[in-house]
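These notes are about the structure you will find just below.
Each value in this text was obtained by applying a stated rule to the coordinates, not by laboratory testing. Please read these numbers as outputs of a predicted model, since none were measured by experiment. Using ideal geometry, Cβ is built from the backbone for each residue, glycine included, and neighbour counts are taken over all protein chains shown.
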Amino acid sequence: MLLRPYYPVSDLFRIERDEDSLHVDFMSRIDGVRSLAALRGGALRIDFGGHVLVVADLADIIKSKRAAGRPRDRAVLEILEKALNERKKSTNDQA
């Protein structure tokens with residue numbers, strides 16, 4: 001099912017699948033991100049069943065949530081920052 005849950009204040013599109021409650025959001029603008037090309041440049045590329053899934057880097061996600069400033073975004077910042085610090089620490093320990 002294709003939805004526009006926040007129309008007309010947002011151009012977000014959401015695809016929902018009832019069988020397993022999967023939903024995927026598609027946005028044309030992301031707070032704190034200058035361009036999608038820049039976001040894609042730092043993104044991780046993950047094999048997903050033989051297809052490449054491009055996932056924004058956690059640092060960029062944190063930057064976007066901080067720029068959005070909504071209560072739901074601020075609520076997860078501490079957890080995301082801890083995860084980023086753990087990832088950095090793990091990377092430094094491996095070097």
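Exactly one residue out of 73, 47, 57 is of a type outside the set (Val, Ile, Thr) and farther than 19 Å from residue 25 by Cβ, and it is 47. Within the set 25, 18, the sole residue that is over 25 Å from residue 70 (Cα atoms) and not basic (Lys, Arg) turns out to be 18.
Here's the yes/no breakdown for (1) surrounded by 15 or more Cβ atoms within 10 Å (Cβ to Cβ); (2) of a type in the set (D, E, K, R); (3) touching a residue at least 24 places away in the same chain (Cβ under 8 Å):
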position	(1), (2), (3)
41	no, no, no
44	no, no, no
51	no, no, no
55	no, no, no
63	yes, yes, yes
66	yes, yes, yes
73	yes, yes, no
77	no, no, no
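In the range 1-21, the residue that is nearest to residue 31 (Cα to Cα) out of those that are loosely packed, with under 10 Cβ neighbours inside 10 Å and without any contact (Cβ under 8 Å) to a residue 12 or more places away in the chain is 9.
Among the conditions (1) touching a Leu at 6+ places or on another chain (Cβ under 9 Å); (2) outside any strand (DSSP E or B); (3) acidic (Asp, Glu), the only one that residue 25 does not satisfy is (2).
If I go through the range 31-59 residue by residue, how many of them are within 23 Å of residue 76 (Cα to Cα) and not in a loop (DSSP other than H, G, I, E, B)? The number of residues fulfilling the criteria is 8.
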